[in-house]
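The values are calculated or read from the model by the stated rules, or taken from the named source; none is laboratory data. This is a predicted model, so every value here is computed, not measured. Ideal geometry is used to build each Cβ from the backbone, glycine not excepted, and the neighbour counts take in all protein chains shown.
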């Protein structure tokens, strides 16, 4: 370890203290300056570094390795030449000035970097809020376009098919097989289109009624997949923040989508428990399951199983998502999410305190 002492507690001495105090290989033994109001002395006392007004006392320090003079005073430099401490290196004059100016420039660049990083983070948060809002708006637009366009067109075609069948084949005992097949396909297309619309923008979910949205989604999911579905909800929905509702619904939606794609299950069950400080959502199926350890070791397979999106959604809200699965034993996805949204709380706090801070600064 290099033990140093510094003469001068102005800009140069302050810059050296800031750097050396963070270096585990350097120990600052003492700081000297005649001016009791020098900024470096105040910083030194705050950091627990001894100070003195007489720089000559630094020359008698035991175990001193390096003495740095940043005063720029010719008188101090002459004294140091006469009274050079034994076994210690002395840095002064141009060398010391160059050293502290270089360090000071480094400190300024770090501060500038921190400032730019804070600005970038603020812009990123703003962008994320705006992008989420833009995505929701786009989802709404697509849902409305599908509902008012494609779905209504298909429903109109279905009515025309009914009329055509009644007029062309008045005897219902002898329906045309092809016509019946077309009608069946048309009804299936209507159901699929409505399912897509609901995925984009659930009707109940638009009003932030989460539980009705989940129940309605499961009914539609059951028709689409042929799986038996069940739901159990415990607790008060009013305690869940709006953002947590959005994240929870999308986590359940993604989990059910994975069941549909991979599980070959006959039953799937959804449980939501609103607890004291958080909520727990569980989606379980009786499907084929998989070797969790093996899939985790394969990034491509892990991504295809759709769990990454579930985990990331939970993390963004300050929660955690886990998955349990064994071959032949089905799969269970669990997500624990906080009831209160930290980001929304911080935003509300800043919104409330900003006017008061502005008024205080103006005063």
Out of 29, 41, 16, 25, sole residue that is assigned by TED's automatic domain parsing to the domain that holds residue 80 and in contact with a helix residue (DSSP H, G or I) (Cβ under 7 Å, 6 or more places away or on another chain) = 16
Kindly establish whether residue 43 is modelled with pLDDT under 75, surrounded by fewer than 20 Cβ atoms within 10 Å (Cβ to Cβ) and closer than 16 Å to residue 11 by Cβ.
-> no
Residue under evaluation residue 48, criteria (1) under 19 Å from residue 90 (Cα atoms); (2) free of Cβ contacts under 8 Å to residues at least 40 places away in the same chain, criterion not met | (1)
Answer residue from region 196-228, given it is at pLDDT 85 or above and part of a loop (DSSP other than H, G, I, E, B) and is surrounded by the most Cβ atoms within 10 Å (Cβ to Cβ) among those = 227
Given the conditions (1) without any contact (Cβ under 8 Å) to a residue 24 or more places away in the chain; (2) more than 25 Å from residue 78 (Cβ to Cβ), which single one is not true for residue 36?
-> (2)
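Scan region 261-272 for residues that are under 16 Å from residue 322 (Cα atoms) and surrounded by fewer than 17 Cβ atoms within 10 Å (Cβ to Cβ) and report the count.
Residues flagged as under 16 Å from residue 322 (Cα atoms) and surrounded by fewer than 17 Cβ atoms within 10 Å (Cβ to Cβ) within region 261-272 amount to 1.
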Output the residues belonging to region 289-305 that are assigned to a loop (DSSP other than H, G, I, E, B), surrounded by 17 or more Cβ atoms within 10 Å (Cβ to Cβ) and either at pLDDT below 80 or out of contact with any helix residue (DSSP H, G or I) (no Cβ under 9 Å at 6 or more places or on another chain) (or both).
-> 305
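So which residues in region 257-279 are assigned to a helix (DSSP H, G or I) and either out of contact with any helix residue (DSSP H, G or I) (no Cβ under 6 Å at 6 or more places or on another chain) or not assigned by TED's automatic domain parsing to the domain that holds residue 331 (or both)?
257, 258, 259, 261, 262, 263
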Identify, by number, the condition in (1) under 25 Å from residue 1 (Cβ atoms); (2) within 44 Å of the chain's Cα centre (by Cα); (3) exposed (fewer than 13 other Cβ atoms within 10 Å of the Cβ); (4) at pLDDT below 85 that residue 60 doesn't meet.
-> (2)
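Taking region 4-13 as the search range and keeping residues that are modelled with pLDDT under 85 and buried (at least 17 other Cβ atoms within 10 Å of the Cβ), which one is nearest to residue 45 (Cα to Cα)?
13
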